[in-house]
Every structure is written in C-alpha cells, then in structure tokens.
1. Provide W145, W278 in ascending order of the number of other Cβ atoms located within 10 Å of each residue's Cβ, fewest first.
2. Counting only residues 5 or more places away or on other chains, whose amide H sits under 5 Å from the amide H of L232 once H atoms are built in the peptide plane?
3. Please give the calculated 222 nm ellipticity per residue for the chain, where each DSSP H segment of at least 4 residues contributes -39500 (n - 2.57) and the sum is spread over every residue; nearest 500 deg cm²/dmol?
4. Starting with the highest mean, order 86-93, 255-262, 183-190 by the number of other Cβ atoms within 10 Å, averaged over the residues of each peptide.
5. Quick one: Debye curve from the C-alpha atoms of the chain, no solvent, what's log10 I(q)/I(0) at q = 0.09, 0.10, 0.12 Å⁻¹?
6. Could I get the Rg over Rh figure for region 1-103? Both from C-alpha atoms, Rh via Kirkwood, rounded to two places.
7. Which percent of the Cα-Cα distances in region 116-237 go past 21 Å?
8. Neighbouring Cβ atoms within 10 Å as the yardstick, rank R14, R160 fewest first.
Amino acid sequence: MPANPYYLLQVLVRGVTVDVRLNDVPAFVHHTGEEMTSSGEYNSLIVNGANGLKTTIDLLPGADEAPPDAKVEVALAVAKKGQTIDDGKKLLSFEWSPPKKEEKEEKDEDKDEEEKKEEEQEEPAVTYPVIDLQATGIQWPHGPWAWQACTPLTSLGDARRQGVRTEVEALHAALQQRKTDTVIGMMDLRTREVATAHYVGPATLTAGLRNALQEAFADPQWGMQALEADDLQMDLVGSGRVVWVRSKDLGYPIRSAELSTGGSNCQRILMSDIKGKWTIVR
C-alpha cells in the first residue's frame, strides 16, 4: 500500500443507465445511454475498513431492451499519485453486457402463431442487475469523516427538507450576489475534508476556490439559473447519513447562467446534519 494512497474509480458505460455508489454515496451517475468513460480520484469517499461499491444497471427510459452492444465496466483501484488505474492495484472490478439472444432455428417457420407465442412467454426475461461488491481491510489513516458520525435517518420529514432547502437557497443567493466569503464559508467543511483526502493543506484548496469564484464573478454575464423549488429533489444516501440534493433529471441542483466563455458552472451538493446544522460535506 502506498504511503499516500489514491483510490481511483473508472467507469465505462454504453447503451444503458448506470448508478455507481461508493459507500452508498453517488460517485458516477449516467442516464443518457451515450458511451462515456469516467476516471477520477475518490479519496474523499473512502472510509477505514470495508468499502462498498454498488452499481445499478437499468434500461433507458422507454426502452424494452438494451442494445446488443451495451456494456458496463467498473473498477476501483489503489495507486500512487500520478498513476493511472492500470498502474495501480485493482481492488474491485466487473464487466457486464446483455446476454446474447439465441438464434431461432429455421424450423420455427413451420410453427403456428400459438406455438410461437407460447415459446416467447417461456423465454426468460433479461435482468438488469445491481452489482454489490465490497473491499475489506482498507486502512484509511485520516479517521472518520464528519458525515460518518451523523445519526442515520430512514426518511426526510418536512422540517428536514425545509432545512436542506434553506441552505441550498442561501448558497444560490450567495453565488448570485457574488459573495465570495459567504460561499467559501458554506463550503468550509467540504474544503477541509477534501484537502485531507488529497494530502494538501486546507488553505491551498481555499485559495483555489477563491480564485475560481473571483474569476467566475468577474464575468460580465455572471448570473444564476433560477432555483426551482419543484425541481429540487433530496435522496438519503450514505447509509442514511447524507442527503443528495439534485434536480429531477439527476443533474446539478445549482447552475450558473451561460458564461461569456461558453458553458456554465454547476454545483454538486451532498449535505449532512452536523451538530444540528445542515452542512455541505461533499
């Protein structure tokens, strides 16, 4: 094991939807069916001891079956800084593709419609799996993350949802009003823990965040897309200790207007109740 390990997650998906969770926290979600490969460092979701990697594969909305070339590949590896997933030691991996259909024999042409219907009903349906893997014995030297100490919830009542919504609205307003220090303050716990996860000082990440915000705020077209309350979805993840705030289409809940340079800034939001206050943790 490297002295400062980096945990790398790589996902390839084509033709189906996929939801990959590391310790029950969304790490990669892709629902368009277009071919995509994603690879990145996920130290900030690693915990000491057993780590679960859960992948849910499903059909695209409205599809009756997956295309024959559909494919999903997922791998979790540990490596040194700067190494790729192929250079490191793979901890968990799998590949999935839909089973090939057996070609019907030519004599089927001689069967009547009733016989063909009966055989079609007997054919087993293709299942789209949930693949649940676990890596044990991971030694993470930095102690538990703040969200790990939270009391697990089984549901979100109206009061909790309103508490989360209030924090999201406050972040949206701070971004809209170009309040750099307010945004940095709201992201403080996340910044400190992500810095720890990547072996750098919090001041380094804070300075990077400040520079990124100031650059974005200087754009003459800076503004925020409207925050639609009806579009704001909240899912309990992280074994009930984290709230994933998202849009209905599984996208980012907070987005800037299009910048003069093209594109927009998006904000992923994972929150936990830290000592009675909803706080951004990732």
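Just so it is clear, none of the values below were taken in a lab; they were calculated from the coordinates. Predicted model only: the values in this text are computed from it and were never measured. Every residue, glycine among them, receives a Cβ derived from its backbone with ideal geometry; neighbour counts consider all protein chains shown.
1. W278, W145
2. Amide H to amide H, under 5 Å and 5 or more residues apart or across chains, L232 pairs with nothing.
3. Calculated at 222 nm, the ellipticity per residue is -7000 deg cm²/dmol.
4. 183-190, 86-93, 255-262
5. -0.53, -0.64, -0.88
6. 1.03
7. 64
8. R160, R14
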